[in-house]
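Read-outs throughout are calculated quantities, based only on the coordinates presented, and are distinct from any laboratory measurement. Since the structure is predicted, the reported quantities are computational estimates derived from the model, not experimental observations. A quick note on method: Cβ atoms are made from the backbone with ideal geometry, for glycine too, and the neighbour counts reach across all protein chains shown.
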Amino acid sequence: MLTVVANLKGGTGKSTVAFNLALWLLAKGHRVQAVDLDPQGTLGDVLEVRQEEGYSPALPATTDADVALGRQGDFDHWLVDVGPSAMDTLMQAVAAADRVLIPVPPSQADVWSTHRFVREIQGRRTDRDTGPGIEVFINRADTHQFVRETEETAEALQQIEGIRFLRPRLKQRTAFRRSFSEGLAVNELEPSGKAAEELDRLARAIFG
């Protein structure tokens, strides 16, 4: 299963999402390869931290698009991180994907960007029933229940045709930032924490 984590807009947290989901799958016994096709190399940076610290299990990774998109190697899942600064590579990855996972921070600008990205993916289909599944969820949701922007974003995303809106969301938590700086997934860093619970709910909604 090839899952591309992407968005047309920067700053959506896609590298953090790809890193944490890949390690969640690895912890469940799946054979996983992380794929960093973003010129910024953020996913590769955190995997280098993880390797230097000697954390186990190790997460295999590649920056070779041909290897990853050709699904070479003995893996159950490929988790691809790719950004808009490499648009040709981004759309190549989307064309090869089984699933495009779009993290969306709660803002109107991110809703507009997501809508454009979905239209771009759908516009490249030769048939409406072909192409990758498109799954969208809210990332970096506000932790304060009285802030309406997160709910307004959720309502807007559900109006986009041709997507699967995932109700589990990841909130704006320090644990996600720490996980990236320390080379540990949130379920490794704080196994009983709220961030780990949110990751588990989201991952189950995506992968079953």
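Values for this structure:
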| read-out | value |
| --- | --- |
| Per-region count, region 13-33, residues basic (Lys, Arg) and closer than 17 Å to Gln51 by Cα | 0 |
| Tally of residues being outside any loop (DSSP other than H, G, I, E, B) and closer than 18 Å to Arg50 by Cβ across region 182-208 | 8 |
| Checking Gln159 against (1) touching an Asp or Glu at 6+ places or on another chain (Cβ under 9 Å); (2) more than 22 Å from Thr16 (Cα to Cα); (3) without any contact (Cβ under 8 Å) to a residue 24 or more places away in the chain; (4) not hydrophobic (A, V, I, L, M, F, W, C), the condition it does not meet | (1) |
| Tally, over region 167-208, of residues that are in contact with a Gly (Cβ under 7 Å, 6 or more places away or on another chain) and over 20 Å from Asp45 (Cβ atoms) | 0 |
| Pair list, Cβ < 6 Å and 6+ apart or interchain, from region 188-199 residues that are under 19 Å from Leu26 (Cβ atoms) to residues that are of a type in the set (Ser, Thr, Tyr) and surrounded by 15 or more Cβ atoms within 10 Å (Cβ to Cβ) | Leu189/Ser179 |
| Residue within region 15-25 that is surrounded by 17 or more Cβ atoms within 10 Å (Cβ to Cβ) and touching a Pro at 6+ places or on another chain (Cβ under 6 Å) present | yes |
| Subset of region 1-47 (residues that are touching a residue at least 40 places away in the same chain (Cβ under 8 Å), touching a strand residue (DSSP E or B) at 6+ places or on another chain (Cβ under 9 Å), part of a helix (DSSP H, G or I) and more than 21 Å from Arg140 (Cβ to Cβ)) | Leu25, Leu47 |
| Single match in Leu69, Leu43, Leu47, Leu37 (criterion: over 15 Å from the mean Cα position of the chain (by Cα), under 16 Å from Lys14 (Cβ atoms) and of a type in the set (A, V, I, L, M, F, W, C)) | Leu47 |
| Positions within region 156-171 being buried (at least 17 other Cβ atoms within 10 Å of the Cβ), in contact with a Lys or Arg (Cβ under 8 Å, 6 or more places away or on another chain) and in a loop (DSSP other than H, G, I, E, B), in sequence order | Leu170 |
| Any pair with Cβ under 9 angstrom, 6 or more apart, that starts in region 52-64 at a residue that is of a type in the set (Phe, Trp, Tyr) and ends at one that is assigned to a loop (DSSP other than H, G, I, E, B) | Tyr55/Gly183; Tyr55/Leu184 |
